[in-house]
Amino acid sequence: MITVFGSINLDLIGGVERLPRPGETVPGVSFVTAPGGKGANQALAAARAGAAVRMVGAVGRDGFADPALALLNASGVDLARVTRASEPTGVALILVDGAGENVIAVIPGANGTLAAADAEALDFGPDDMLLLQLEVPLAAMMAAARRAQASGAPVILNAAPFRREALALLPHLTHLVVNETECALIAEAAGLSGGAVEAEAAALAEKHAVTTIVTLGADGVLAISDGRSERAAALAVKAVDTVGAGDTFCGYLAAALVEGRALADALGVASAAASLACTKSGAQPSIPRREEVDAALRAGAR
């Protein structure tokens, strides 16, 4: 089973012709709401990939809570450890332009109430996996990571959004997933910056004995593990909205690794899923189902 310990939000998404500059107002062309939060997005992606998933997180007692959990519930994610907090459900305010680029502001709300106590009751086995992001308190994540590590369960951290203090998690990880910007920021914070992204990823992998995976957008994905480099290509797609693509990658990666797939194979599956996520709007609504990913991979192999 994959345990996702992280954030649950409701996304408020406005479409604009172009993103505003600081101090500028631009007209909007559309508005929708959709379930989101990096933790919930990754949990849904792992479930749609076919994995058994439990979500550990918090929502409020407001009108946003049930919509934020709707797709997780419909996909069979175990929500028994999602608590109802006095703080409001977390929200993400998202603007997306006509090219699919976005700007996002996240208000954590109930996500900020997660504590070490929420992790201490969790049980892990060597066939389980813990998946973390950086939208909930560090002390809670640290407790979950230590508990999983002590049980022999792999621990994946998607180090987004970047937080310098989260470097303390590195000794407890088996896998670190970042984009190019996050890789550079973490390498700089760890005193390893300089050179190309592959050199920085290799330095992080060697220093912290962690498989370092860097998503490269349209250029696919790079992984460094035990001194070896692996790459997987992205699918050639027309991007509509890149929100949620990284979370789709992480959820599918975790599911593929839990299945026992080799790293190179897991990277290919996750990269294809992330590519397909870019072809639809919204974070969770855009996450493809396993059959779509398999079909795309078969089509690419022909």
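Arrange the following residues from fewest to most other Cβ atoms within 10 Å of their Cβ: THR33, THR212, THR248.
In increasing order of surrounding Cβ atoms, one gets THR33, THR212, THR248.
May I ask you to derive the FRET efficiency for VAL29 and LEU138 from their Cβ-Cβ distance with R0 = 35 Å, giving the value to the nearest 0.05?
Step by step, r from the Cβ atoms, then E = 0.35.
GNM, the chain, Cα, under 10 Å: largest mean-square fluctuation among ARG21, ARG84, ARG261?
So, out of ARG21, ARG84, ARG261, the one fluctuating most is ARG21.
According to a simple spin-label model (label point 7 Å from Cα along Cα-to-Cβ), what is the distance in nm between ASP66 and LEU19?
3.5 nm
Please report the Cα spread of segment 1-143 along all three principal axes, rounded to whole Å, starting with the longest.
That works out to 50, 32, 26 Å along the principal axes.
Going by how many other beta carbons lie within 10 Å of each one, how would you line up THR174, THR3, fewest first?
Details: THR174 18, THR3 29.
If I rank by nearby Cβ atoms, fewest first, I get THR174, THR3.
Calculate, in nm to one decimal, what VAL103 and ALA74 gain on full extension: separation in residues at 0.36 nm each, minus their alpha carbon distance. The partial results should precede the final answer.
Values: separation 29, 0.36 × 29 = 10.44 nm, distance 2.84 nm.
Taking 0.36 nm per residue and subtracting the Cα distance, the gain is 7.6 nm.
Segment 126-167: percent of C-alpha pairs farther apart than 13 Å?
49 percent
Which percent of Cα pairs goes in each bin when the distances of the chain are cut into 20 angstrom slices starting at zero?
P(r) for the chain, in whole percents per bin: 36, 59, 4.
Can you compute the modelled spin-label distance between GLU198 and GLU291, with each label point 7 Å from Cα toward Cβ, in nm?
It is 3.9 nm.
Averaging sequence separations of C-alpha pairs under 8 Å and six or more residues apart, then dividing by the length of the chain, give the relative contact order as a whole percent.
Taking the mean separation of contacting Cα pairs over the length of the chain, I get 18 percent.
Quick one: among GLU24, GLU135, GLU259, which has the greatest mean-square fluctuation in a GNM of the chain with alpha-carbon springs under 10 angstrom?
Looking only at GLU24, GLU135, GLU259, the biggest GNM fluctuation is shown by GLU24.
Arranged by the count of other C-beta atoms within 10 angstrom, fewest first, what order do CYS183, CYS250 take? Kindly include the intermediate steps, with their values, before the conclusion.
Details: CYS183 27, CYS250 30.
Listing CYS183, CYS250 from fewest to most nearby Cβ atoms yields CYS183, CYS250.
What FRET efficiency do you get for ALA150 and ARG231 if R0 is 30 Å and r is their Cβ-Cβ distance, rounded to the nearest 0.05? Intermediate values should be presented prior to the final figure.
Details: r = 33 Å, r/R0 = 1.10.
It comes out at approximately 0.35.
Residues of segment 217-234 with the amide nitrogen closer than 13 Å to a label point 7 Å from the Cα of ALA190, along Cα-to-Cβ, please.
In segment 217-234, the label zone of ALA190 (backbone N under 13 Å from the point 7 Å along Cα→Cβ) covers 224-227.
Want the number for ALA52 to ASP127: 0.36 nm per residue separation, take away the alpha-carbon distance, what's left?
25.8 nm
Quick note: the coordinates plus some simple rules give every number you see, no bench work behind them. It should be emphasised that the depicted structure is a prediction, and the values quoted were computed from it without experimental measurement. When we count neighbours, we look across all protein chains shown, and the Cβ atoms used for this are built from the backbone with ideal geometry, even at glycine.
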